[in-house]
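Below is one structure, written out as structure tokens; the observations come after it.
The values are calculated or read from the model by the stated rules, or taken from the named source; none is laboratory data. This one's a predicted model, so the numbers in the text were calculated from it and none came from an experiment. Don't worry about glycine lacking a Cβ; one is built from the backbone with ideal geometry, like all the others, and counts go over all protein chains shown. Just the protein is used for accessible areas: all its heavy atoms, side chains included, with ligands, DNA and RNA removed. Shrake-Rupley method; radii C 1.70, N 1.55, O 1.52, S 1.80 Å.
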Amino acid sequence: MTELSTQEKIIKAVIELFRDHGYKGATTRAIAEKAGVNEVTIFRHFGNKKRLMEAAIQSLSYHSMLKKMISEKMVWDLEQDLTNIAQGYLQEMEKMQDLILIGLREAEMFPELNEYIVEIPTNLKKSMVEYFTEMHKKGKLVHTDIEFQAMNFIWLNFGYFLSKSRFGDQVIPGTNVDFIQHSVRLFARGLTP
């Protein structure tokens, strides 16, 4: 197993502390202790807590993985591609679950945190618009408002993620596979010429 770099240790510590204690409770002193570094090291690497939070959220960003998936792994079959995107999205969101839920809860108290959280759907939307635009050029997508359809797909998956995160199986019983299979099939049928 590869040893984590100092920056990686600090980012890992901030994510864990943020999950357990929220943004305010994740002090630079606590982060330094958890990461096994001096507090000065945090400031040397990141400058301030705001930049540290930005680095932590960027380390969990789904956008770069999605861009790579679209450029390398798409088979240009709408249902299959959307299934792969939804699976990847939900896997990544589950990794960030605690961070996102706390971010949503504390966004009003810490507006700078909201700026970072909003980058997740914004960047995903850019990638989805690029994918849908290419599918339309290939004649594999009906004429539609591509930006709205990108957001519809994101909110379909994000709504499912929030429901599962908050209520477990009480609202939507079944697995991610069940949800993806049924929702993506219907979504793809609506967009296929």
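Remark: segment 3-8, residue by residue, has Karplus-estimated 3J(HN,Hα) of 6, 6, 6, 4, 4, 5 Hz, where x stands for each Gly or Pro and the curve is 6.51 cos²θ - 1.76 cosθ + 1.60 at θ = phi - 60°. With r as the distance between the Cβ atoms of LEU104 and THR144 and R0 = 30 Å, compute the FRET efficiency 1/(1 + (r/R0)^6) and round to 0.05. It comes to 0.55. For segment 11-27, 3J(HN,Hα) computed residue by residue from phi via the Karplus equation (6.51, -1.76, 1.60; θ = phi - 60°) reads 5, 4, 5, 5, 5, 5, 5, 4, 4, 7, 10, x, 4, 5, x, 8, 6 Hz, glycine and proline entered as x. By the rule of a C-alpha distance below 18 Å, with chain neighbours fewer than 8 residues away ignored, the aspartates and glutamates paired with LYS164 are GLU92, GLU94, ASP98, ASP178.
Ranked from largest to smallest solvent-accessible area, with a 1.4 Å probe on the protein heavy atoms, GLU134, GLU108, GLU33, GLU16 come out as GLU108, GLU33, GLU134, GLU16.
The residues of the chain expose on average 56 square angstrom of accessible surface per residue, using a 1.4 Å probe on protein heavy atoms. Here the Karplus relation 6.51 cos²θ - 1.76 cosθ + 1.60, evaluated at θ = phi - 60°, turns the backbone of segment 181-192 into coupling constants of 4, 6, 6, 5, 4, 5, 4, 5, 4, x, 9, 8 Hz, with x for every Gly and Pro. Among the listed pairs LYS12/LYS73; LYS9/LYS50; LYS24/LYS49; LYS68/LYS125, those with a Cα-Cα distance over 21 Å are LYS12/LYS73. The charge dipole of segment 6-58, taken about the Cα centre with unit charges on the Cβ atoms of Lys, Arg (+1) and Asp, Glu (-1), comes to about 120 debye, rounded to the nearest 20. A helix-only calculation puts the chain at -25500 deg cm²/dmol for mean residue ellipticity at 222 nm, using -39500 (n - 2.57) for each DSSP H run of at least four residues, averaged over all residues.
Projecting the Cα atoms of ASN38, LEU191, LEU82 onto the charge dipole of the chain (Cβ charges, centred on the Cα centre) puts ASN38 farthest toward the positive pole.
Values (i) -0.58, -1.10, -1.17; (ii) -0.45, -1.15, -1.31; (iii) -0.71, -1.17, -1.21 are given for comparison; log10 I(q)/I(0) by the Debye sum over Cα atoms at q = 0.11, 0.17, 0.18 Å⁻¹, derived from the coordinates here, is the one labelled (i).
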